[in-house]
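Step one of this worksheet: look at the structure below.
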Amino acid sequence: ATSRLLVNYQEPYRSQILDYLFKPNFGASLHILKVEIGGDGQSTDGTEPSHMHYEDDENYFRGYEWWLMKEAKKRNPQIKLIGLPWTFPAWIGKGENWPYDYPDVTAYYIVSWILGAKQYHDLDIDYIGIWNERAFSSKYIKLLRYTLDKYGLPQVRIIASDRLWEPISFVLLLDSELHGVVDVIGAHYPGTKTVPNALLTKKKLWSSEDYSTFNDEVGAGCWARILNQNYVNGNMTSTIAWNLVASYYEELPFGRCGLMTAQEPWSGHYKVEAPIWITAHTTQFTQPGWSYLQVDGHLEGGGSFVALTDGLGNVTIIIETMTHNHSQCIRPPLPHFSVTTQRATFYLKGSFYMVQTLQVWHSRLRFESGNSSLFQQLHPVKVWNGSFSLDLNVDEVYTLTTLKTGQKCGFQEPPPPQPFPSNYKDDFNIRNPPFSEAPNFADQTGVFEYFINASDPGDHVFTLRQVVVQRPITWASDADQTISLIGNFQWVNMTVTCDIYIEKQHDGGVFIAGRVDNGGIYVRRTKGVFFWVFADGTYKVTGDLAEEEVLMKGLSGVRDNAWHTLTLNIQGTSASGLLNGYPLWENVTISKPSNGWAAIGTRSFEFAQFDNFHVE
């Protein structure tokens, strides 16, 4: 759920961000885009909607991944697309929190997503994963291959298991049928190493999720080091960064762990961070289908190099000399090593012996000592009798290549940063919304979608509705309540007003909240000031989402299937609440949290509607 805020950027800024990511020979020029197959559950920084909330439901226009894949393909038709589920809607497991009890159902669900991508968006999915960082089922993987072939998708390749090298490698060596259907072994955060069994399978080895590091210069150093060393030490021929672009509220888990930052759609501000230009050193001078040359890529003075060819006479050499303290990734821990300044000599033989000059691109990360230079073109290097030498400093990246197509492009500075508007309204009155979700709302459990209330001819035809009515097959610890966050985490004093409509009789309920302090994988422990009303005519004020810390309760007269207006006012250490404009409770003392987002949500996985949201 990391591209959530990207979609609401205004033009031209949104297109500029997409150009930095995907446009060939421009910025990061990415080769691969891996997206989540939304499953209605929490997947780290929020939930992404499923294309099938319920068994009899299909909709290939929810969320933002379809849009993102199309924007990537528009800029680079050759980009490879990967889909991987983190969570699944409840009906897949028929009540169990497990996707493999009915493997034919799960396979059909995943294949329908691939078919929908083609039918509704003309997107060809190249690779499909199993279940992110969770168990795999050999029976399911075989059935998935069978189902893909049955629906005319033999070209879609299977990657497994998006977790560790084992047990998948060992099982592939034991099970020849499984070996025949898995095309790629994908491991997460491998620390540039693989295992003997993985090599024995003779499969393509990928680091199918890596990086995940704060995108400052140390993050750039991490990325430079693993892009090379995943091959040099671990034979991995692809490295995929989580995440593409930091377009989620920064105080959610793993804030700013994207290749660039675009978390302010309300201002248009974004930042092209150093990892974008580190990426360019590899992506602008190689393509999927190029081959790594089998050289020992360790440099004598520390650091590494890789060499790749297109098989048509072109060669690209990428060198990195990242020091230990300037290239630590978030995980795994990095054993100590040393890098010194050195002179390195390279020998070009065979078909490369005829190469006379190489184009040179250079970056140097300077950290505290001054301004870094990122992805600068230097004078070409002359090759004499098949060799050339370079003086290498520490914390540098060099690309030497026969290709002359590299470019460092850019736009005018984007607008300066601004906090989230301190007075924000949304009446959800939009007949044909470009996206299924309202701007800036970040769902953390449940899914909140635009809804057309055909039965209400009055003021509430266009609303926002919570639509997940059974707990999904979870990946993280989703809350037992649903919740969507919005606003500025630094807010202290605020008034939140919203019209609410409880659909569930007897024990249904909804809330509005302020000073909400948590989300993402930590959503269960969320604290704040929560104003609840219930279908049985009671209300409650709590200091947490779990309803354990009750600050006040009483009768409200609220009922289900009727509209009511809730207002929550928080000033300093005191809070008060209004119902339909009249005071319902006041002078409730608030100790902590001292600040946080605004939020809306429901008591359980239940239908409910919201309208005329206003926070000030």
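The values are calculated or read from the model by the stated rules, or taken from the named source; none is laboratory data. Treat the numbers as computed from the prediction; the structure is a model and nothing was measured. So basically every Cβ, Gly included, is an ideal-geometry build from the backbone, and we count neighbours across all protein chains shown. Accessible surface is based on the protein model in full, side chains and every heavy atom, while ligands, DNA and RNA are left aside. Shrake-Rupley method; radii C 1.70, N 1.55, O 1.52, S 1.80 Å.
Do any GluC sites (Glu not before Pro) in the stretch 64-117 lie in a loop, going by DSSP, with at most 13 other beta-carbon atoms within 10 Å of their beta carbon, and if so which? Please list the in-between numbers first.
Details: sites: Glu65, Glu71, Glu96; in loops: Glu96.
Answer in residue order: Glu96.
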Global form of the stretch 523-616, assessed from the alpha-carbon gyration tensor, a/c cut-off 1.5: rounded
Protein chains only, probe 1.4 Å: how do Tyr151, Tyr539 rank by accessible area, largest first? Tyr151, Tyr539
Sequence order, the stretch 229-236: Karplus ³J(HN,Hα) from phi using 6.51 cos²θ - 1.76 cosθ + 1.60, θ = phi - 60°, Hz rounded, Gly and Pro as x, gives 6, 4, 7, 4, 9, x, 6, 8
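Report relative contact order for the stretch 404-559 in percent, whole number only (criteria: Cα-Cα under 8 Å, sequence separation at least 6). Can you show the working numbers first?
Working: 243 pairs, mean separation 23.7, N = 156.
So the answer I get is 15 percent.
What's the carbon and sulfur percent of the stretch 198-285's accessible surface, probe 1.4 angstrom, rounded to a whole number?
Numbers: 1090 of 2130 Å².
On the stretch 198-285, the fraction of accessible area on carbon and sulfur atoms equals 52 percent.
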Largest to smallest accessible area among Arg225, Arg366 [probe 1.4 Å]: Arg366, Arg225
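Given the DSSP H assignment, sum -39500 (n - 2.57) over each helix run of at least 4 residues in the chain and divide by its residue total; what's the result at 222 nm in deg cm²/dmol, nearest 500? Walk me through the numbers before you get to the answer.
Numbers: 9 runs with 97 residues, N = 616.
My calculation for the chain gives -4500 deg cm²/dmol from helical runs alone.
Could you report the stretch 424-615's accessible area per residue, 1.4 Å probe, as an integer in Å²? Spell out each step's value before the answer.
Numbers: 7330 Å² over 192 residues.
Spelled out: the 1.4 Å probe surface of the stretch 424-615, per residue, equals 38 Å².
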Hey, any idea what % of the stretch 361-425's accessible area is carbon plus sulfur with a 1.4 Å probe? 48
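Heavy atoms only, probe 1.4 Å: what % of the accessible area of the stretch 14-75 goes to carbon and sulfur, would you let me know?
Percent of accessible area from carbon and sulfur atoms in the stretch 14-75: 44.
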The chain - Cys residues lacking any other Cys C-beta under 4.7 Å: Cys257, Cys409, Cys498
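Calculate, in nm to one decimal, what Tyr120 and Gln470 gain on full extension: separation in residues at 0.36 nm each, minus their alpha carbon distance.
Details: separation 350, 0.36 × 350 = 126.00 nm, distance 2.72 nm.
Going from the current span to full extension adds 123.3 nm.
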In the stretch 31-159, what % of DSSP beta bridges are antiparallel (nearest 5)? 10
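Taking only protein heavy atoms into account and a 1.4 Å probe, give the accessible area per residue of the stretch 132-176 in Å². Each step should come with its number before you reach the end.
Numbers: 2150 Å² over 45 residues.
Normalised by residue count, the accessible surface of the stretch 132-176 is 48 Å².
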Using a 7 Å offset from the Cα along the Cα-to-Cβ direction at both Gln412 and Asp310, what is the distance between the two label points in nm, to one decimal? 3.6
What are the ³J(HN,Hα) values, in whole Hz, obtained from phi via the Karplus relation 6.51 cos²θ - 1.76 cosθ + 1.60 with θ = phi - 60°, for each residue of the stretch 122-131 in sequence order, with x given for Gly and Pro? 6, 9, 9, 7, 8, 9, 10, x, 9, 7
Taking θ = phi - 60°, what integer Hz values does the Karplus form 6.51 cos²θ - 1.76 cosθ + 1.60 yield along the stretch 147-159, in sequence order, with x for Gly and Pro? 5, 4, 5, 4, 8, x, 10, x, 7, 6, 9, 9, 10
Note down the net charge around Gln284, summing +1 for each Lys or Arg and -1 for each Asp or Glu among other residues with Cβ under 14 Å from its Cβ. +2
